[in-house]
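See below for the structure under consideration.
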Amino acid sequence: MKAIAIDDEPIALEVIRSHASKVLFLDLKAEFTDAFKALKYLQEEPVDLIFLDIKMPDISGIDFFNSLRKKPMVIFTTAYSEHAVAGFELDAVDYLLKPFSLSRFIKACNKALEMYNFRNTTEENDHLFLKTGFEQVKVLFDEILFLEAAGNYVTFVLKDKSILSRCTFNEAVALLPPAKFIRVHRSFLVAVNKIDKIERHQLTLLTNKVPVSEAYSQNVLAVAGRER
């Protein structure tokens with residue numbers, strides 16, 4: 001997996017570089033103390049994974065990640081545990097609290113590798129199987145309008161029906177090809193090609209209205225720009 005690291009503290013980057021050198025499936029391509037230089041790099045050199053500090057002087061890691069049109073996997077690194085919730089709401093692979101050990105770093109990288117392999121396999125498929133009750137129901141990606149989270153369940157809304165499946169929202173998101181679906185709210189994921197109307201705070205998909213939160217507005221703007 002190709003990766004970069006972004007942190008305003010050089011010592012933190014040294015730790016990541018040292019740990020990454022011991023992970024055989026990880027190729028750390030570059031390190032940045034300047035988030036805007038990293039942004040320019042990503043425009044020219046796409047990567048699979050970013051190690052991203054949350055608290056930086058010019059732009060927070062969360063705002064940086066939200067600004068990306070094409071989002072790689074991300075592992076947030078920070079010394080502040082209160083940022084964990086915000087990190088996981090953005091579907092982060094993992095959250096490393098500084099100072100983190102080599103074993104904890106490797107655990108996060110293994111999670112990223114699992115997601116990387118799953119995504120590559122998913123891109124070759126056109127469907128998934130949803131567990132609902134005691135059954136496994138086949139659902140084509142192209143049938144899905146949007147997903148809505150409700151506690152430990154996720155509702156998959158299709159054109160003519162809805163399917164309630166017991167899983168976390170992040171687990172559901174990981175089942176779908178990222179090129180075809182975008183997160184627009186902490187509780188909603190929508191199919192890009194099913195969006196009929198884009199408004200400031202909501203989307204229309206057939207007769208369904210889906211809210212758009214401020215935290216994910218950049219995702220919607222990216223889609224709007226792509227469709228022009």
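Read the figures in this text as sums done on the coordinates, not as results from a lab. This structure is a prediction, so every number in the text was calculated from the model and none was measured. With ideal geometry, Cβ positions are generated from the backbone for all residues, glycine too; neighbour counts draw on all protein chains shown.
The table below lists the values:
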quantity	calculated
Sequence of LEU206, LEU175 once ranked by neighbouring C-beta atoms within 10 Å, starting from the fewest	LEU206, LEU175
Kirkwood Rh in Å, taken over all unlike Cα pairs in the range 1-64	11.8 Å
Residue-span extension gain [ILE163 to ILE198] - 0.36 nm each, minus C-alpha spacing	10.1 nm
Kirkwood Rh in Å, taken over the chain so that all alpha-carbon pairs contribute	18.6 Å
Label-point separation, SER21 to GLU171 (7 Å along Cα→Cβ), nm	3.9 nm
Inverse of mean 1/r across different Cα pairs in the range 139-217, Kirkwood, Å	12.5 Å
Ellipsoid semi-axes in whole angstrom, largest first, where each is sqrt(5λ) of the Cα gyration tensor of the range 2-123	19, 17, 15
Cα-centre dipole for the chain with unit charges at Cβ (Lys and Arg positive, Asp and Glu negative), debye to 20	380 debye
Electrostatic dipole magnitude of the range 1-116 [Cβ: Lys, Arg +1; Asp, Glu -1; Cα centre; debye, to 20]	320 debye
Efficiency of FRET from Cβ geometry, ARG104 and PHE36, R₀ 22 Å, rounded to 0.05	0.15
Distance (nanometres) between label positions extended 7 Å along Cα→Cβ at ASN117 and LEU221	3.8 nm
222 nm mean residue ellipticity, helices alone, for the chain (DSSP H n ≥ 4; -39,500 (n - 2.57); rounded to 500)	-9500 deg cm²/dmol
Fully extended contour minus Cα-Cα distance, from GLU135 to ARG69, at 0.36 nm per residue	20.1 nm
Extended-chain gain in nm, criterion 0.36 nm per residue less alpha-carbon gap, THR155 and LYS29	41.5 nm
